[in-house]
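K.L.:
Dropping a structure here in structure tokens format, bear with me for questions.
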Amino acid sequence: MSKVLKYTLMLLVIFFISETLFAQDEEDFEDEDGVEELTRQVNNFKPGLSRFLMRGYAHAGIEFLQDRTTFVGGSFNPIFLWQQSERLLFESELEIELTEEGTELGLDYADMSYFLNDYITVRLGKFLLPFGTFGERLHPRWINRLPSNPLGFSHDGQVGPISDIGVEVRGALNISHHAWMNYSLYVVNGPRLNSGEVEAEEGGQLHYVNYLDNNKSKTFGGRIGILPLHDNSLEIGFSGQYGKVGIADTKYEDVGSQLYAIDLSYVTRLDFMKSMLDVKGQWNSVRVDDISYPDPEDALQNYTFENISNAYYGQISSKPAFINNSFFNKLEFVGRYSKLELPSQAVWGGEDTQITIGINYWLDWRTVIKFAYQTLDSNGEDDGHSALAQGDAFLLHWSIGF
Amino acid sequence: MKSKKYIINTLLGMFFATTLFIVGCSSTQDVALAKSGAQLWGENCVRCHNAPSPTAFSDIQWETIGQHMRIRANLTAQQTDKVVEFLKMAN
């Protein structure tokens, strides 16, 4: 009996061991299946080298002007980024804007960049020109600290280019252990001169929309930015652009233009105020060679003038980001002085001065409510060269970057 | 007047070319090597806008944004890589 029991127990033990081993094999087999399935699923989500991303910004607001109160904005600027490979990037920005005529669609830029090496990038297409920094880096609504642009830095009374079509080489290099510089050299169509033969009152103005060049000459330009401090807090930039601007086969064919800009940026932490300090400034100067234009007041006569325009601004802002109060550390205080000087002897000449002070409230790092008080004084035959009317204005805008 | 203009333009062109040459021949030791990605993120982003939250975008999106910002802010490849790596790590 004991033998029978012994053999029975042995058989049961063998049975259980084999069952356990078999079950383990099955589990291993199932685990391998699971890993394969997981690997397949992960591979399905592998991003590859081609990547598409849409970013952009938008704004809306209300403006209390001297002669009217109006809601503005509803503008939307989608930015399309297509990363073709580690070396090739396409970028484009559209501007969809509501105007009195309806909805306007504009192409701010559309260019491809090829990263030649660590220090040289080649760009081709329509790109934002590094003529100073406002047009290239600071104009987006969620980056611009105030609801309006400085005088001469938007399409009204524009002094200096914002974008153009051509080719550019740019990059950054170290110049010492503490300092580095960035550079840009470009060749573009350049601005075109309004000869005044069709619109006599605009004779001598430069138009920066020249998508099919009006002559064989190309415009050359560039910018050098120096960052001399070890923490990159200070950047000083020098820009220049030269080219002929007249229409081919006319007396304006050899009329040249010389454009210069100096820009400054200083961003630092002020520990004693528990704040960030941001100082920005830019001076643009545009000179067109002397030549005569049809006199708007007498079609049979010509007139000439020294065709030099200047636009400049200085801006200071402070954000008490490091104080221990969740309301006050989202505030920002801004002040800006801006001036536009157009040739005084031209019928479109004159001077505008703009002073703007504002308070911003940041909902997060890229969403802001901006409230500003602005004055605009004009001295010239024209009633101001800004989109805003003369006098005082209150501006309340909301901007988002995404 | 024209010759004066061309002299000024030529001098400015020479200034650009000479500066690039000098910089090209200078020490190749990259300042960015000595700085962390977090430091470069804090220093360079705020030159134009508030420093972005690392959680605002995915790791893959940061790579594309890094390329975009390398062009816009004129950063070197090493600076860009360090900032992107920091943002991905902190994400």
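The values are calculated or read from the model by the stated rules, or taken from the named source; none is laboratory data. All values reported here derive from a predicted model rather than from experimental measurement. No Cβ is skipped: glycine too gets one built from the backbone with ideal geometry, and neighbour counts run over all protein chains shown. What goes into the accessible areas is simple: the full protein's heavy atoms, side chains included, and nothing from ligands, DNA or RNA. Shrake-Rupley method; radii C 1.70, N 1.55, O 1.52, S 1.80 Å.
K.L.:
Along Cα→Cβ, 7 Å out, is where each label goes; now give me the distance between the ones at A:D364 and A:N117 in nm to one decimal.
P.N.:
4.1 nm
K.L.:
Could you check the simple spin-label distance between A:Q301 and A:Y7, using points 7 Å along Cα→Cβ, in nm with one decimal?
P.N.:
13.6 nm
K.L.:
On to the next question. Tell me, what HN-Hα J-couplings in whole Hz come from the Karplus equation 6.51 cos²θ - 1.76 cosθ + 1.60 at θ = phi - 60° for each residue of region A:129-146, using x for Gly and Pro?
P.N.:
Taking θ as phi minus 60°, the curve returns 7, x, 9, x, 10, 4, x, 8, 10, 9, 6, x, 4, 7, 9, 4, 6, 10 Hz for region A:129-146.
K.L.:
Still on this structure, I have one more. Testing the spin-label approximation: label points 7 Å from Cα along Cα→Cβ at A:K46 and A:T103. State their distance in nm.
P.N.:
Once both label points are built, they end up 4.1 nm from each other.
K.L.:
For a 18 Å ceiling on Cα separation, which of these pairs sit above it: A:K319/B:K88; A:K274/A:K319; A:K126/A:K251; A:K280/B:K82?
P.N.:
In this structure, A:K319/B:K88; A:K126/A:K251; A:K280/B:K82 exceed 18 Å between Cα atoms.
K.L.:
Taking amide hydrogens as modeled 1.01 Å from N in the peptide plane, which residues meet the under 5 Å criterion relative to A:S344, leaving out close sequence neighbours?
P.N.:
Residues meeting the criterion, in which the H sits 1.01 Å from N, are A:G350.
K.L.:
Based on a Kirkwood Rh over C-alpha pairs, give the Stokes-Einstein translational diffusion coefficient of the protein assembly as shown at 25 °C and viscosity 0.890 mPa s in µm²/s.
P.N.:
Once the numbers are plugged in, D ends up at 96 µm²/s.
K.L.:
When the label point is put 7 Å from the Cα of B:T55 along its Cα-to-beta-carbon vector, which residues of region B:75-91 have a backbone N closer than 17 Å?
P.N.:
Residues B:87-91 qualify, since their backbone N sits under 17 Å from the label point.
K.L.:
What residues of region A:334-374 lie in the reach of a label at A:F64, counting those whose backbone N is under 13 Å from a point 7 Å from the Cα along Cα→Cβ?
P.N.:
A:371-374
K.L.:
Next up: Just subtract the alpha-carbon distance of A:T268 and A:E32 from 0.36 nm times their residue separation and send over the number in nm, one decimal.
P.N.:
My answer for the length gained is 79.4 nm.
K.L.:
Moving on to the next point. Nearest 100 Å² is fine: what is the total accessible surface buried where chains A and B meet, probe 1.4 Å?
P.N.:
4800 Å²
K.L.:
Would you mind checking which residues have amide H under 5 Å from A:V72's amide H? H placed 1.01 Å from N; only 5 or more apart, or other chain.
P.N.:
Under 5 Å from the amide H of A:V72 lie the amide H atoms of A:G61, A:I62, A:E63, each far enough along the sequence or on another chain.
K.L.:
Through the Karplus equation 6.51 cos²θ - 1.76 cosθ + 1.60, θ set to phi - 60°, convert the phi angles of region A:248-261 into ³J(HN,Hα) values in whole Hz; use x for Gly and Pro.
P.N.:
Rounded to whole hertz, the list is 4, 6, 10, 5, 8, 4, 9, 6, x, 9, 10, 10, 9, 8.
K.L.:
So, counting K/R as plus one and D/E as minus one, what does the shell of residues with Cβ under 12 Å around A:A261 add up to?
P.N.:
The answer is -1.
K.L.:
Could you give the accessible area per residue of chain A, probe 1.4 Å, as a whole number in Å²?
P.N.:
50 Å²
K.L.:
Summing Lys, Arg as +1 and Asp, Glu as -1, what charge do residues with Cβ under 12 Å from the Cβ of A:I400 carry, A:I400 excluded?
P.N.:
+3
K.L.:
A follow-up question, please. How high is the relative contact order of region A:253-384, in percent, counting Cα pairs under 8 Å that sit 6 or more residues apart?
P.N.:
Once divided by the residue count of region A:253-384, the mean separation gives 17 percent.
K.L.:
Here is a follow-up. Using alpha carbons only, how many degrees (0 to 90, rounded to 10) separate the axis of helix A:2-44 from the longest principal axis of chain A?
P.N.:
Rounded to the nearest ten degrees, it is 10.
K.L.:
With a 1.4 Å probe on protein heavy atoms only, tell me which residues of region A:164-180 lose at least 20 Å² of accessible surface in the complex relative to the chain by itself.
P.N.:
A:R170, A:A172, A:L173, A:N174, A:I175, A:H177, A:W180
K.L.:
Still on this structure, please answer the following. Please give the length that would be gained between A:V169 and A:D249 if that part of the chain were fully extended, namely 0.36 nm times their separation in residues minus their C-alpha to C-alpha distance (nm, one decimal).
P.N.:
25.7 nm
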